[in-house]
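Rule-based calculations on the coordinates, nothing more; no lab input. Quick caveat: nothing in here was measured; it's all calculated off a predicted structure. Counting neighbours? That spans all protein chains shown, and the Cβs are built from the backbone with ideal geometry, glycine included.
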Amino acid sequence: MYLVWPLVTLSGGPIAVWLYRKSRHYGNSTTPFPLAVASATCHCGAGCTLGDLVAESIAFSFPGVLVLFGLDTFFQQKIFATWVLDLVCAFLLGVVFQYFTIAPMRHLGLKAGIIAALKADALSLIAWQTGMYAMMAAGQFAFFTPLTGKVMDASSPEFWFLMQLAMIAGFFTSYPVNWLLLKIGIKERM
């Protein structure tokens, strides 16, 4: 969780700071369930945030890599290939974050730890990214492009502002999934 809170504060700002302070008042077993779900959702969001930052930086710095993610074959617009890269990076980093949480807590070996991390994070991460993509698409195609005639990319402050809003949307779409995963014991309380 030491990396989680600074990463989610990038998009959650004061709300993430409030959640962090609120969660520090309890131990894992005494944390009210809705707050435990919020912490677990933030844990998922940290992997997504870092993955999206890495992916967007790669796509901006080395746009040719997007061919590997469907540009000019499946997608004619760079934004969609970038979203595939975002998903891949977020998924990989999300599973790594979960592995280093679950494996030590449950005393699991490498293979069992990776399987547990996949179970705990796959649905949560997909729900997060779905909310994020919905907000990015709405901002991009319903607002920015009609007003400017352009598509945003990582070089614009508008893109990063929209990305912050998208991460908040990801939190809300992932929260119910994390609620379920915690309730049935697939995911650990943070």
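Over the residues of the chain, the helix contribution to mean residue ellipticity at 222 nm works out to -25500 deg cm²/dmol, using -39500 (n - 2.57) for each DSSP H run of at least 4.
Modelled spin labels at Ser61 and Ser155, positioned 7 Å past Cα toward Cβ, are 1.7 nm from each other. How big is the gap, in Å, between the Cα center of segment 107-129 and the Cα center of segment 57-103? Using only Cα atoms, the two centres lie 18 Å from each other. Note on the chain: Lys pairs 8 or more places apart or on different chains, Cα atoms under 25 Å apart, count 8. Considering only alpha-carbon pairs that sit under 8 angstrom and 6 or more positions apart, the relative contact order computed for segment 11-135 is 25 percent. Distance from the Cα centroid of segment 167-190 to that of segment 17-52 is 10 Å (rounded to whole angstrom). Under 1.5 on a/c is rounded, so check that first for segment 1-75, then, if it is not, pick prolate when a/b is larger than b/c and oblate when it is not; a ≥ b ≥ c are the square roots of the alpha carbon gyration tensor eigenvalues. It is prolate, given that a/c is not under 1.5 and a/b is the larger ratio.
Annotation for segment 19-116: trypsin sites (Lys or Arg not before Pro) lying in DSSP loop with at most 15 further Cβ atoms inside 10 Å of their Cβ are Arg24. Dividing the C-alpha radius of gyration of segment 42-107 by 2.2 N^0.38 Å, with N its residue count, gives 1.29. Rg/Rh for segment 67-166 (Cα atoms only, Rh after Kirkwood) is 1.10.
Applying a DSSP loop filter and a limit of 15 other Cβ atoms within 10 Å to the chymotrypsin sites (Phe, Trp or Tyr not before Pro) in segment 1-86 leaves Tyr2, Tyr26, Phe74.
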